[in-house]
Amino acid sequence: ARQENPLAGRSTGVHSAKLMFYRGQEARAAVSQTHTFPAPSSGWVQSGNIATADLTQCERLDNIFPTAQSGRLRGGKVKIGDAQSSVARLFTYASGTAEQLFAATATAIYDANNIAGGALRSSTTSGDWSVAQITTAGGQFLGGVNGENTGWTYNGSTFSDLSITGVSSSILSQMWLFKKRWFFVERNSTKVWYLPVESIAGTASSFELGSVFSKGGSVLFGATWSLDSGEGIDDVCVFVSTRGEVAVYEGTDPSSAATWALRGVYTIGEPLNKHAQFKAGADLVILSEDGLIPLSEALRKERAALQFSSLTYPIEDAWQNIIRNRLTSYPITATLWQSGTFLIIGTPTKYRNRQVSLVANARTGAWSRFTGWDVRCAAVYNDNLYFADSNGKIYQADTGGTDAGMAYTGVWVPKFKASNNISSVNAVGVTYRCTSEVDFNLEAHSDYEISELLEPVTTLADAGTTWGGGAQWGDGSIWGKSDLSSFTEWQTAYASGYAFAPSLAITSNQVEAIDFELLLSRVRTETGYAI
């Protein structure tokens, strides 16, 4: 007969305690997971739901430019001149393949490449020049007005007084070229003036816009806008008021009703200043209190809906903070550098006592912050980007590996990844491309709080062919070329919470720019509690 186990179906105290121990140990056992954070191709984002954000978006992206596939550490700045006082405007003159860059302070205009040679035009009281170039039978001329001093023309070698009758050029504050005519805004008025076709002198004629602008204010600036009329692209003339009304006219001659007609009046947020506009392809973009508004959107939407069409909508919270705290002494303007795919906006904002500029990828619309660049004004000259700071120093941008001899640090913190359970981070890894291995700091952060980031001292990377040197990004000769290698590095990092994110900080402090391209990051976590 089979002998029954007297303990079958029952448990002793010792056996029960073991079961409880093992079950508790199993419940508390850590489960290791690896999470991937893709490259920051969507850029810095300060709008939308923070808990459900795409991981290609960034909570912070400083001095790292978001490309279509990755993120690259920006180049530095190299000083080319010093005007000794604040530069209000940089502008260029072009004739054939030759180009000149000028810097205007409150009292003078200089050749930006030869400031030591002395002022080319002096005894002014404002450097806030608005300029436009025109080609006539007599050659190519640049004109300038500032609303305070006598306007001027420049023919490639000499500055001369603007010679017009009918109005004093000293009260003309802004100018632009439309259908081979120079147009001018009369300061603090609703009156606009224009010259005959292909003329830089002669009798100016005027017309009033007071009855067109129903909200009052004055004309702030005018511009040419390429509009699709349904029968192809045609240039129209736009007049923008200080109250955010935009009057659109089509035609060629304002003196004739047969060739000049009002197309419509549209409303946007109040523009920031007379330079607050730039051409982006065929469109005209206006810097307003509501953001960077493409004029094509203003035709189709009410002002309340335009916010979502603004180019600055991804950084809406940051933009509104800048608008609330802006200074009249720091006019906010934008400069588009097509070949570099940069759209750069100087701001009065500071971070760690370093000036902040907003930079967008002009092709993808992704944003980042550049710190250490005090961009009071900027211009594209010989297909490179230049800017001037409040002290009068003029720099070539995005070149070299230092900010005029000072180190700068690139920082990336992607959006946080939420979890239903508490997770403990124990390591962070990053995959990047570079000419050689470089030093950087990897850290981990939890529950939407970013701790103070360490700024490492970077060892020298192999020079290779630097971005901004003989080769250019986008021509196939830099990113992904044979002398860039991929590297993956892990570092110990600690953070615990219901949401987590990695961070990377890399410092550039060498003569040549570092060819550093950020591809992705990985975070290793454990769920559950330790015993």
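The values are calculated or read from the model by the stated rules, or taken from the named source; none is laboratory data. Computed from a predicted model, the values in this text were never measured in an experiment. With ideal geometry, Cβ positions are generated from the backbone for all residues, glycine too; neighbour counts draw on all protein chains shown. Quick note on the areas: whole protein, heavy atoms, side chains included, nothing else; ligands and nucleic acids left out. Shrake-Rupley method; radii C 1.70, N 1.55, O 1.52, S 1.80 Å.
Restricting L299, L295, L262 to residues that are surrounded by fewer than 16 Cβ atoms within 10 Å (Cβ to Cβ), at pLDDT below 95, within 18 Å of S226 (Cα to Cα) and of a type in the set (A, V, I, L, M, F, W, C) narrows the list to L299. State whether one or more residues within the range 215-234 are surrounded by fewer than 19 Cβ atoms within 10 Å (Cβ to Cβ) and under 25 Å from A106 (Cα atoms). So far as the range 215-234 goes, yes, one or more of its residues are surrounded by fewer than 19 Cβ atoms within 10 Å (Cβ to Cβ) and under 25 Å from A106 (Cα atoms). Only one of the numbered conditions (1) part of a loop (DSSP other than H, G, I, E, B); (2) in contact with a Ser or Thr (Cβ under 6 Å, 6 or more places away or on another chain) is not met by V78, and that is (1). Among the residues of the range 174-203, those that are open to solvent by 20 Å² or more (accessible area, probe 1.4 Å), assigned to a strand (DSSP E or B) and not acidic (D, E) comprise L177, R181, K191, W193, G202, T203.
Here is a yes/no grid of residues against (1) in a loop (DSSP other than H, G, I, E, B); (2) surrounded by fewer than 22 Cβ atoms within 10 Å (Cβ to Cβ); (3) at pLDDT 90 or above:
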| site | (1), (2), (3) |
| --- | --- |
| Y432 | no, no, yes |
| V438 | yes, no, yes |
| L453 | yes, yes, no |
| T458 | yes, no, no |
| T465 | yes, yes, no |
| G469 | yes, yes, no |
| Q472 | yes, yes, no |
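Just one of the listed residues (G269, G264, G216) is within 31 Å of the chain's Cα centre (by Cα), assigned to a loop (DSSP other than H, G, I, E, B) and either touching a residue at least 60 places away in the same chain (Cβ under 8 Å) or farther than 30 Å from S163 by Cβ (or both), namely G269.
Of all the numbered requirements in (1) touching a strand residue (DSSP E or B) at 6+ places or on another chain (Cβ under 7 Å); (2) buried (at least 21 other Cβ atoms within 10 Å of the Cβ), N113 misses one, and that requirement is (2).
Quick grid of which residues meet (1) under 22 Å from the mean Cα position of the chain (by Cα); (2) loosely packed, with under 10 Cβ neighbours inside 10 Å; (3) modelled with pLDDT of 90 or more:
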{"residue": "A17", "(1), (2), (3)": "no, no, no"}
{"residue": "Q25", "(1), (2), (3)": "no, no, no"}
{"residue": "H35", "(1), (2), (3)": "no, no, yes"}
{"residue": "V45", "(1), (2), (3)": "yes, no, yes"}
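Could you grab me the full set of residues in the range 302-324 that are acidic (D, E), open to solvent by 40 Å² or more (accessible area, probe 1.4 Å) and assigned to a helix (DSSP H, G or I)? Passing the criteria: only D317.
Against the condition at pLDDT 95 or above, open to solvent by 60 Å² or more (accessible area, probe 1.4 Å), among the charged types (D, E, K, R) and touching an Asp or Glu at 6+ places or on another chain (Cβ under 7 Å), how does R243 come out, does it pass? Taking the combined requirement at face value, the residue satisfies it. None of T153, T136 is more than 30 Å from Q84 (Cα to Cα), open to solvent by less than 30 Å² (accessible area, probe 1.4 Å), modelled with pLDDT of 95 or more and of a type in the set (V, I, T) except T136. Do we find a residue being touching a helix residue (DSSP H, G or I) at 6+ places or on another chain (Cβ under 9 Å), of a type in the set (A, V, I, L, M), modelled with pLDDT of 95 or more and farther than 28 Å from A247 by Cβ anywhere in the range 99-121? Yes, the range 99-121 has at least one match.
Listed conditions (1) modelled with pLDDT of 95 or more; (2) open to solvent by 10 Å² or more (accessible area, probe 1.4 Å); (3) not aromatic (F, W, Y) are all met by S368, apart from (2). Here is a list: V246, V285. Which entry is more than 22 Å from the chain's Cα centre (by Cα) and at negative phi? Step by step, each of V246, V285 is checked, and only V246 is more than 22 Å from the chain's Cα centre (by Cα) and at negative phi. G340 is checked against (1) under 25 Å from K279 (Cβ atoms); (2) assigned to a strand (DSSP E or B); (3) not aliphatic (A, V, I, L, M) and fails just one. What number does that condition carry? Answer for G340: the failing condition is (2). The condition (being of a type in the set (G, A, S), part of a strand (DSSP E or B) and free of Cβ contacts under 8 Å to residues at least 40 places away in the same chain) is satisfied by just one residue among S357, S423: S357. Checking each residue in the range 109-131 for being farther than 12 Å from W152 by Cβ, in a strand (DSSP E or B) and not charged (D, E, K, R) picks out only Y110. Within the range 360-381, the residues that satisfy the criterion of being assigned to a loop (DSSP other than H, G, I, E, B) and more than 25 Å from N391 (Cα to Cα) are A362, R363, T364, G365, A366.
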